[in-house]
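The values are calculated or read from the model by the stated rules, or taken from the named source; none is laboratory data. None of the values given here were measured: they were computed from a predicted structure. Note that each Cβ is placed from the backbone with ideal geometry, even for glycine, and that neighbours are counted across all protein chains shown. Side chains are part of the model used for accessible areas, which takes the heavy atoms of the whole protein and leaves out ligands, DNA and RNA. Shrake-Rupley method; radii C 1.70, N 1.55, O 1.52, S 1.80 Å.
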Amino acid sequence: MEKFHHLFQPIMVGKIEIPNRICHVPTDISSSHIDGSVTERDIHHYATIAKGGTGFIIVGATSVDGKNGRSTVTNLVADEDYFIPGLARLADSMHRYGSKCAVQLQHPGRQAALPREGKITSNDMVVSLPWSQSRTIVYANADESKKTVRVLSTDEIIGLIDLFSEAAWRVKQAGFDAVELHAAHGYLLSQFMSPYLNKRTDRFGGSFENRLRLPLAIVDSIQKKCGKDFPVLIRYSVDEWVPGGRDLTESIAVAKEFEQAGVAALNLSQCIQERPGAGFDPMYYPEGWTIYASEAIKKQVKIPVINSHSLRNPDYCEQIVAEGKTDLVGLSRQLLADPYWPLKAKYGKTRTIRRCISCLTGCWSDSILAKKEVTCAINPSCNNHHLEIKKKTTAPVHIAVVGGGPAGLEAARVAHERGHFVTLFEKSGELGGAILGCCLVNGKEKMKWYADWIRYQIADLGIQVQLRTSPTIEDLSSFDLVINATGAQSYVPDVHGLKEVVIPFERVMACPKVACEFHPQDRKSLPLKGTKIILWGDHYAAADTAAYLASIGKEVALITDQKEFGSKIEVIHKYVLFKRFQQTDAEALTSKPYKYPVKIYNQSTIDEITEHELILMDKNFQKMSLPYDHIISCWTRPNIELYEKIKAAAIPVVNIGDSVEPRNLHAAVKEGTTIGLNIEKNILLNPNQKPVSDLPLDVAGQFSRA
């Protein structure tokens with residue numbers, strides 16, 4: 001029987017019937033051709049989401065003006081008729097699996113990735129948005145600067161109305177069921193609607209009526225060109241989270257105006273980019289934190305309301321629909337992590353759902369922000385269909401995986417799914433590796449969602465696991481291939497004085513939560529007496545250790561030799577983290593302030609360690625002393641001792657994950673998948689120590705005859 005009755009009930013949006021209450025809220029995957037036309041990658045991505053059973057799919061961020069407003073360097077565009085055939089193929093790919101679909105029309109305005117200069121906006125506010133795809137700082141040694149914008153004239157604003165409605169007509173011609181206007185997050189329509197951003201003095205600025213004039217004129221123009229039966233949705237931010245910005249009270253009035261204008265549904269979001277935490281909602285934000293918005297607005301309008309942001313669990317989504325707190329649940333990043341979420345929910349396979357952990361690496365910092373296509377840290381096949389597990393091997397081999405962190409676990413899972421015989425060795429008493437340290441960090445508990453998912457997968461697949469085992473060369477010699485995934489380990493750089501007093505961060509970050517079913521029970525973290533803690537290093541090890549120790553009342557100082565602490569940490573998480581370091585919190589969050597602020601000493605290093613104080617040297621070779629109770633090393637490097645021994649013994653071996661180079665979860669999982677997919681019998685390792693299983697037939701034959 002269907003477990004989630006309300007979640008799988010149909011609903012009308014305008015004159016179209018949506019088969020269930022699950023909505024893919026718009027996500028720009030930045031996989032289109034350079035001119036903005038549809039690619040096969042676009043089609044495969046959205047067809048997969050439709051195949052998974054999402055009832056309503058809104059294709060993200062399609063530009064109405066490709067020359068003057070691209071939200072990413074390769075987003076979709078609909079400003080000319082020659083885009084219609086590609087859009088038609090895209091619509092057909094979703095209709096094939098029963099989904100209804102829409103295109104979100106957008107002009108990014110000041111937040112455009114392209115053009116890089118001369119961006120247009122509602123008015124001339126100069127802003128610095130280092131986490132925006134429009135940021136100007138892309139060079140290693142550059143300093144942050146504020147970007148200028150060009151103010152739109154009244155005539156240009158009137159021209160925008162036609163750009164939007166002409167694009168909507170093309171979307172309808174292509175066979176889509178609806179269109180959505182993007183008026184959230186500080187993009188162009190949002191700039192006009194916002195009381196914080198819009199300070200114009202003409203008829204398009206100032207008063208509530210004037211600020212809504214442009215989006216309402218666009219709705220009217222679309223209805224005239226496409227007919228009133230063609231549904232128009234609007235996505236806007238309920239709370240902007242800046243002083244003088246829109247709040248819930250004004251957003252209720254906005255909702256009423258849109259309903260009166262004939263808008264078919266409201267897609268509720270959060271923030272403008274001056275306050276990115278609430279809009280990107282990284283893993284610090286709890287599931288359902290935005291439901292207050294749809295619950296309030298639904299009481300004031302009769303048209304359907306969509307709510308999103310950090311919705312992950314089918315049970316919770318069923319509950320909020322059943323209680324009338326939203327009409328549709330909006331999933332975005334969750335469908336990147338697992339496009340088969342609806343299918344698994346329908347048939348009660350909820351434990352197999354790969355829940356998005358809101359890490360923002362594959363879908364933001366490693367992709368859009370870096371001007372690349374969207375991927376997913378925990379789902380390597382997202383936007384990479386060549387990394388899907390499509391077929392079994394015809395010649396299974398015996399594989400040893402050494403290391404039970406993310407890279408090793410993913411390699412073991414994929415190799416087993418393909419039919420190979422896998423034995424997984426882990427020296428500790430628990431699988432999960434470095435990500436388990438996040439269990440101690442307030443707000444990063446979602447990392448354990450992935451750890452639990454992959455551990456359940458290993459158990460459900462019946463993969464042979466040997467915990468508390470460090471295999472010898474003799475143990476490994478009987479395997480056809482060894483996958484070394486021994487990760488990274490902390491170390492203490494050379495330093496004058498009492499080097500031996502420095503503690504490795506792993507001893508402090510050992511999770512003590514024995515209630516966890518995977519906890520090895522015999523593991524204990526190191527209690528730290530005293531208050532003054534100095535952390536030496538950078539990256540996630542230092543950031544997470546600092547956050548944990550500060551949260552339990554320690555006075556933490558961070559020492560890094562880098563120009564900026566945490567330069568490789570995902571930028572929105574760092575935004576929240578730095579606010580907490582300063583004893584505040586990001587918008588909409590209410591964590592308990594740290595007892596002491598976290599101090600950061602950039603471009604500095606330790607010159608000497610004495611019994612009670614540390615001598616710090618800054619970039620100008622100036623010295624200062626810091627008293628300490630404990631010094632903790634957060635420096636990490638690849639643990640390759642076993643790997644080198646295996647190579648020396650001439651046993652076929654590949655090295656993956658942090659034992660190649662300490663990076664992040666995204667890199668580890670992708671490398672694990674890649675090696676798992678490439679393993680075949682009589683495997684060849686090329687001179688780069690990577691497996692090659694797809695050689696041309698004649699080349700493969702030359703090796704088989706040798």
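For the reader, a short list of remarks on this structure follows.
- Scanning segment 181-198 for residues that are within 16 Å of residue 250 (Cα to Cα), open to solvent by less than 10 Å² (accessible area, probe 1.4 Å) and either in contact with a His (Cβ under 6 Å, 6 or more places away or on another chain) or assigned to a loop (DSSP other than H, G, I, E, B) (or both) yields a count of 4.
- Qualifying residues in segment 572-618 (those that are outside any helix (DSSP H, G or I) and within 25 Å of residue 246 (Cα to Cα)) - the one least open to solvent (accessible area, probe 1.4 Å): 586
- Listed by first and then second residue, the pairs with beta-carbon distance under 9 Å, at least 6 apart or on different chains, first residue in segment 16-30 and modelled with pLDDT under 95, second part of a strand (DSSP E or B), are 27/58; 27/59; 27/60; 27/61.
- Which listed residue, of 535, 549, is crowded, with 22+ Cβ neighbours inside 10 Å and part of a strand (DSSP E or B): 535
- A Cβ distance below 6 Å, combined with a sequence gap of six or more or placement on separate chains, defines the contacts here; from segment 486-510, residues that are more than 30 Å from residue 653 (Cα to Cα) reach residues that are open to solvent by 40 Å² or more (accessible area, probe 1.4 Å) and of a type in the set (Ser, Thr, Tyr) in the pairs 497/610.
- Criterion (acidic (Asp, Glu), modelled with pLDDT of 95 or more and open to solvent by 40 Å² or more (accessible area, probe 1.4 Å)) met by exactly one of 680, 661: 661
- Here the condition is being of a type outside the set (Lys, Arg), open to solvent by less than 40 Å² (accessible area, probe 1.4 Å) and modelled with pLDDT under 95; of 527, 520, 512, it holds for 520 alone.
- Of everything in segment 202-211 that is at pLDDT 95 or above and out of contact with any helix residue (DSSP H, G or I) (no Cβ under 6 Å at 6 or more places or on another chain), the residue that is least open to solvent (accessible area, probe 1.4 Å) is 205.
- Segment 6-31: number of residues that are assigned to a loop (DSSP other than H, G, I, E, B), over 20 Å from the mean Cα position of the chain (by Cα) and either under 20 Å from residue 339 (Cα atoms) or basic (Lys, Arg) (or both): 6
- Scoring residue 466 on the criteria (1) open to solvent by 30 Å² or more (accessible area, probe 1.4 Å); (2) touching a residue at least 60 places away in the same chain (Cβ under 8 Å) leaves a single failure, condition (2).
- Scanning segment 279-293 for residues that are hydroxyl-bearing (Ser, Thr, Tyr) and buried (at least 24 other Cβ atoms within 10 Å of the Cβ) yields 284, 290.
- Put simply, of 68, 75 the only residue that is touching an Asp or Glu at 6+ places or on another chain (Cβ under 6 Å), without any contact (Cβ under 8 Å) to a residue 60 or more places away in the chain and part of a loop (DSSP other than H, G, I, E, B) is 75.
- For segment 223-247, taking the residues that are over 20 Å from residue 305 (Cβ atoms) and not in a loop (DSSP other than H, G, I, E, B), the one that is most open to solvent (accessible area, probe 1.4 Å) is identified as 224.
- The residue list 274, 250 contains one member that is surrounded by fewer than 24 Cβ atoms within 10 Å (Cβ to Cβ) and in a helix (DSSP H, G or I), which is 250.
- Of the residues making up segment 313-336, those that are surrounded by fewer than 24 Cβ atoms within 10 Å (Cβ to Cβ) and assigned to a loop (DSSP other than H, G, I, E, B) number 6.
- Filtering 413, 355 for residues that are open to solvent by 10 Å² or more (accessible area, probe 1.4 Å), among the charged types (D, E, K, R) and within 13 Å of the chain's Cα centre (by Cα) leaves a single hit, 355.
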